[in-house]
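Visitor: Quick one: the structure is below, and I'll ask about it shortly.
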Amino acid sequence: MSENTFYVTTPIYYVNDKPHIGHAYTTILADVLSRYHRELGVPTFFLTGTDEHGQKVQKAATEHKMSPQEQCDTTVLRFQELWKKLGMTNDDFIRTTEERHKKIVRKILQDLYDKGEIYKSEYKGRYCVPCERFFTDKDIADGNLCPECSRETQEIVESNYFFRMSKYQDWLIDYIKTHPDFIQPSFRANETLGFLQKPLGDLCISRPKSRLAWGIELPFDSDYVCYVWFDALINYISAIGYGSDEAKFKKWWPVNYHLIGKDILTTHSVYWPTMLKAMGVEPPKTIFAHGWWLIGQDKMSKSVGNVVNPMDMIEKYGIDAFRYFLMAEMSLGQDASFSEEAFVSKYNSDLANDLGNLLSRVVKMVIKQFNGKLPPCGELSENENELKETVLNAVSQMENSIKNMKLNQGLDAVMNAVRAGNRYMEKTAPWTLAKNGNLEKLGTVLYTSAEALRIISGALFAVMPSKMSELRKTLGLKKDEIENISFAALQKWGALSAGTEITDIDGLFMRFKAEEAVPEKKNEKPKDKAPAPASETGIVTIDEFFKTQLKTAKILEAEKVDGADKLLKLQIDIGGEKRQLVAGIAQFYQPSDIIGKTIVVVSNLKPAKIRGIESQGMLLAAKDGKSLKLITVDGGDFPSGSSVG
Ligand code: MSP
């Protein structure tokens with residue numbers, strides 16, 4: 001294969017049930033990696049699909065009173081529909097019941113059988129009649145009881161076909177040891193080597209039709225179908241022309257990344273490479289096993305009822321926010337925790353506040369001060385150069401993070417650049433420049449901020465394609481620059497042209513109240529783990545401190561709360577967003593004293609009800625025994641919504 005192509009796959013998903021967040025995660029990850037590679041100018045092929053044979057699908061079909069094919073044809077639509085909604089750019093979608101796939105599976109089976117790599121033998125194991133499942137002695141830990149239903153199993157001797165997997169054990173061990181990129185992260189390579197310390201058996205690759213009929217018939221024995229994993233793994237090569245289009249196959253194979261979840265490591269790191277070795281085909285470049293999404297601290301499970309349906313999430317919060325959260329929150333390789341509260345909090349702080357705020361400040365001021373035409377950039381001072389460097393550096397970090405499969409770190413770097421953009425605005429105070437009529441410097445500040453947004457939106461495009469399209473449209477970029485991002489264009493400062501029309505945008509990311517998140521399930525068990533103790537010294541790290549978002553806010557209205565001597569109800573403005581606060585300051589301030597003041601509030605506090613009135617944040621005040629003074633901002637015209645800290 002050429003070093004200059006990128007081929008990425010997801011597992012093919014069983015069509016026994018609808019897609020969940022785990023399926024969505026891997027597919028979004030593959031999509032994001034594909035989009036970035038295309039932006040880097042690398043020809044890319046992204047494959048996903050469905051695994052449609054075997055026991056699970058047959059069982060679901062029986063439960064739904066359908067034929068297995070009907071079960072597949074109905075459920076596959078749910079995956080295809082979700083991928084379409086989520087904006088997947090997969091180049092192909094393979095279904096293992098398609099003839100193009102079955103033909104290649106049969107060809108491989110026949111070739112391996114002819115070469116003596118597959119042989120017939122007797123298979124001894126235990127069978128559970130009610131579950132209709134066959135288990136090996138290894139599966140049955142407890143006497144002769146079925147590991148699924150704990151009922152008595154029967155010993156069964158069955159003739160089956162076997163692949164000579166054991167023959168490749170030494171080769172595989174050596175290959176893993178000499179190819180550090182082959183299984184990633186490296187602790188998964190060690191896990192596979194641990195598994196390979198025990199003698200590797202041959203792999204039973206058939207199922208008698210009398211026991212399981214739903215599968216690809218063996219070409220050399222019509223009483224049997226192919227074992228579902230042997231059939232499924234072949235999708236990775238049948239889709240790209242193995243045995244049918246040699247040129248296409250050569251172009252893409254070996255695959256750059258098989259993205260998988262940690263639970264299907266052995267099938268990919270042991271079965272698949274040995275199968276390929278027997279076929280005389282090169283192994284994958286990298287099998288990358290990611291961790292699992294836990295729900296809070298718990299495993300996601302249908303019986304617990306905590307399965308997250310991606311459709312619900314995107315309907316509520318939008319596609320791009322969902323894509324962003326999944327990519328930013330999981331450190332590749334580790335498990336990650338999903339909760340709607342964490343989702344809303346990250347969404348609000350990164351997207352609605354930080355990114356949304358920077359955009360709306362720039363757009364509003366260009367419209368107001370320059371009639372919507374982007375002003376020219378004058379000389380760059382230290383502040384401009386500092387922001388420019390941070391933004392360009394974030395693009396390089398994003399690029400490295402893609403290459404090193406540390407996407408969340410790249411996204412962190414870009415979000416830091418967004419925050420640097422907001423800090424830059426606060427330092428240069430364009431509102432004061434406007435007031436003082438310093439239009440040249442004001443132009444430089446707004447141009448610099450808009451240029452930072454052009455690059456930032458490009459760097460985030462693969463993760464949030466539709467929102468970043470909107471943002472780029474607002475910046476007046478041309479159609480081609482909006483959607484055909486090239487990393488090269490993100491590495492050059494100064495591409496925006498003065499005079500470009502900037503259009504208004506109303507709330508790119510709408511803010512959600514934390515309360516709108518689904519409350520914890522009633523039947524959720526109390527967590528085993530105690531919350532982390534507060535530091536005994538009372539010292540917090542800078543990261544801990546910055547979790548509290550302090551913002552300036554302007555008091556628009558204030559009134560006493562009936563029947564509550566101490567409370568005032570305030571209507572405040574935080575950077576264009578109206579909020580209501582209830583504060584215990586009525587004994588110290590009359591409503592008329594405080595209207596128009598610019599105060600400091602905690603803007604990311606979970607809303608609470610005080611005397612039945614919703615309070616969306618908390619104001620800061622200094623207290624000394626009997627007196628109380630509001631923390632206010634020096635200078636009445638300071639804009640609300642500015643960060644404090
Ligand atoms: N059909 C096989 C794969 C064959 S690939 C040749 C299969 N399908 S599956 O539908 O059961 O699971 C697909 C993927 O979903 C696996 O990679 C699995 O790790 C992943 N996930 C299932 N639950 C998950 C989470 N809670 N979190 C993240 N991914 C999880 O296995």
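The values are calculated or read from the model by the stated rules, or taken from the named source; none is laboratory data. Quick caveat: nothing in here was measured; it's all calculated off a predicted structure. Heads up, the Cβs are rebuilt from the backbone with ideal geometry, glycines too, and the neighbour counts pull from every protein chain shown.
Visitor: Evaluate region 93-101: report whether one residue or more is assigned to a helix (DSSP H, G or I) and either out of contact with any helix residue (DSSP H, G or I) (no Cβ under 7 Å at 6 or more places or on another chain) or small (Gly, Ala, Ser) (or both). Talk me through it step by step, then tell me what you get.
Guide: Within region 93-101, the subset assigned to a helix (DSSP H, G or I) is 99-101.
Filter once more, so that each one left must be either out of contact with any helix residue (DSSP H, G or I) (no Cβ under 7 Å at 6 or more places or on another chain) or small (Gly, Ala, Ser) (or both): 99.
Among the residues of region 93-101, at least one is assigned to a helix (DSSP H, G or I) and either out of contact with any helix residue (DSSP H, G or I) (no Cβ under 7 Å at 6 or more places or on another chain) or small (Gly, Ala, Ser) (or both), which makes the answer yes.
Visitor: Can you name the condition, by its number, that VAL344 falls short on among (1) without any contact (Cβ under 8 Å) to a residue 40 or more places away in the chain; (2) surrounded by 17 or more Cβ atoms within 10 Å (Cβ to Cβ); (3) of a type outside the set (Lys, Arg)?
Guide: It is condition (1) that VAL344 fails.
Visitor: Being assigned to a helix (DSSP H, G or I) and either under 21 Å from ARG454 (Cα atoms) or among the charged types (D, E, K, R) (or both) is the filter here; which residues of region 328-347 pass it?
Guide: Applying the first criterion (assigned to a helix (DSSP H, G or I)) to region 328-347 yields 328-329, 340-347.
Matches in region 328-347: ALA328, GLU329, GLU340, GLU341, LYS346, TYR347.
Visitor: Identify the residue in region 243-256 that is buried (at least 20 other Cβ atoms within 10 Å of the Cβ) and more than 13 Å from the ligand (Cβ to nearest atom) and, among all such residues, is nearest to GLU340 (Cα to Cα). Don't jump to the end; show me each part of the working.
Guide: Step one: of region 243-256, the residues buried (at least 20 other Cβ atoms within 10 Å of the Cβ) are 252-253, 255-256.
This time we only want the ones that are more than 13 Å from the ligand (Cβ to nearest atom), so: 252-253, 256.
Details: TRP252: 39, TRP253: 39, ASN256: 33 Å.
Taking the candidates together, the pick is ASN256.
Visitor: Does ILE456 fit the bill of being in a loop (DSSP other than H, G, I, E, B), among the aliphatic types (A, V, I, L, M) and surrounded by 16 or more Cβ atoms within 10 Å (Cβ to Cβ)? Walk me through it before giving the result.
Guide: Working: in a loop (DSSP other than H, G, I, E, B): no; among the aliphatic types (A, V, I, L, M): yes; surrounded by 16 or more Cβ atoms within 10 Å (Cβ to Cβ): yes.
So ILE456 fails the test.
Matching residues to (1) charged (D, E, K, R); (2) surrounded by fewer than 15 Cβ atoms within 10 Å (Cβ to Cβ); (3) over 23 Å from PRO254 (Cα atoms); (4) touching a residue at least 12 places away in the same chain (Cβ under 8 Å):
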position: GLY143; (1), (2), (3), (4): no, yes, yes, no
position: ASN160; (1), (2), (3), (4): no, no, yes, yes
position: ASP174; (1), (2), (3), (4): yes, yes, no, no
position: LYS177; (1), (2), (3), (4): yes, yes, no, yes
position: LYS198; (1), (2), (3), (4): yes, yes, yes, no
position: GLY201; (1), (2), (3), (4): no, yes, yes, yes
position: ASP221; (1), (2), (3), (4): yes, no, yes, yes
position: TYR224; (1), (2), (3), (4): no, no, yes, yes
position: TYR227; (1), (2), (3), (4): no, no, yes, yes
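Visitor: Need pairs with beta-carbon distance below 7 Å; first residue among the basic types (Lys, Arg) and within region 113-130, second surrounded by 12 or more Cβ atoms within 10 Å (Cβ to Cβ) and in a strand (DSSP E or B); sequence gap 6+ or separate chains.
Guide: LYS120/SER159; LYS120/TYR161; ARG126/PHE135; ARG126/ILE156
Visitor: Another question, then. Can you tell me which of (1) of a type in the set (S, T, N, Q); (2) modelled with pLDDT of 95 or more; (3) closer than 27 Å to ALA321 by Cα; (4) out of contact with any helix residue (DSSP H, G or I) (no Cβ under 7 Å at 6 or more places or on another chain) is the one ASN484 doesn't meet?
Guide: (2)
Visitor: Checking TYR25 against (1) in a helix (DSSP H, G or I); (2) more than 11 Å from the ligand (Cβ to nearest atom); (3) under 20 Å from the mean Cα position of the chain (by Cα); (4) not aliphatic (A, V, I, L, M): exactly one of these is not met. Which one?
Guide: (2)
Visitor: Applying the selection to region 288-328, what residues are within 16 Å of the ligand (Cβ to nearest atom), among the aromatic types (Phe, Trp, Tyr) and over 30 Å from PRO273 (Cα atoms)?
Guide: PHE322, PHE325
Visitor: Can you run down the residue pairs with Cβ atoms below 7 Å, 6 or more apart or on separate chains, where the first is in region 595-618 and within 18 Å of LEU630 (Cβ to Cβ) and the partner is exposed (fewer than 15 other Cβ atoms within 10 Å of the Cβ) and among the polar types (S, T, N, Q)?
Guide: Close Cβ pairs satisfying both conditions: VAL602/THR548.
Visitor: Return a yes/no flag: does region 301-313 have any residue that is part of a helix (DSSP H, G or I) and over 16 Å from the mean Cα position of the chain (by Cα).
Guide: The initial filter retains those residues of region 301-313 that are part of a helix (DSSP H, G or I), namely 310-313.
From the residues that got through so far, the ones that are over 16 Å from the mean Cα position of the chain (by Cα) too are none.
No, because not a single residue in region 301-313 is part of a helix (DSSP H, G or I) and over 16 Å from the mean Cα position of the chain (by Cα).
Visitor: Hey, could you check region 36-55 for residues that are within 16 Å of the ligand (Cβ to nearest atom) and closer than 22 Å to ALA24 by Cα and say which is surrounded by the most Cβ atoms within 10 Å (Cβ to Cβ)? Break it down stepwise before answering.
Guide: In the first step, residues of region 36-55 are kept if they are within 16 Å of the ligand (Cβ to nearest atom); the result is 46-55.
Checking which are closer than 22 Å to ALA24 by Cα leaves us with 46-53.
Values: PHE46: 23, LEU47: 23, THR48: 27, GLY49: 26, THR50: 25, ASP51: 24, GLU52: 29, HIS53: 27.
If we take residues in region 36-55 being within 16 Å of the ligand (Cβ to nearest atom) and closer than 22 Å to ALA24 by Cα, then GLU52 is surrounded by the most Cβ atoms within 10 Å (Cβ to Cβ).
Visitor: Okay, moving on. Which of the numbered conditions does CYS72 fail, given that it passes all the others? Conditions: (1) assigned to a helix (DSSP H, G or I); (2) out of contact with any Asp or Glu (no Cβ under 8 Å at 6 or more places or on another chain); (3) of a type in the set (A, V, I, L, M, F, W, C).
Guide: Evaluating CYS72 over (1) assigned to a helix (DSSP H, G or I); (2) out of contact with any Asp or Glu (no Cβ under 8 Å at 6 or more places or on another chain); (3) of a type in the set (A, V, I, L, M, F, W, C) leaves (2) as the failure.
Visitor: Quick one: count up the residues across region 102-122 that are in a strand (DSSP E or B) and surrounded by fewer than 18 Cβ atoms within 10 Å (Cβ to Cβ).
Guide: Initial filter on region 102-122 (in a strand (DSSP E or B)): 118-122.
So of that shortlist, the ones also surrounded by fewer than 18 Cβ atoms within 10 Å (Cβ to Cβ) come out as 119-122.
Selection size over region 102-122: 4.
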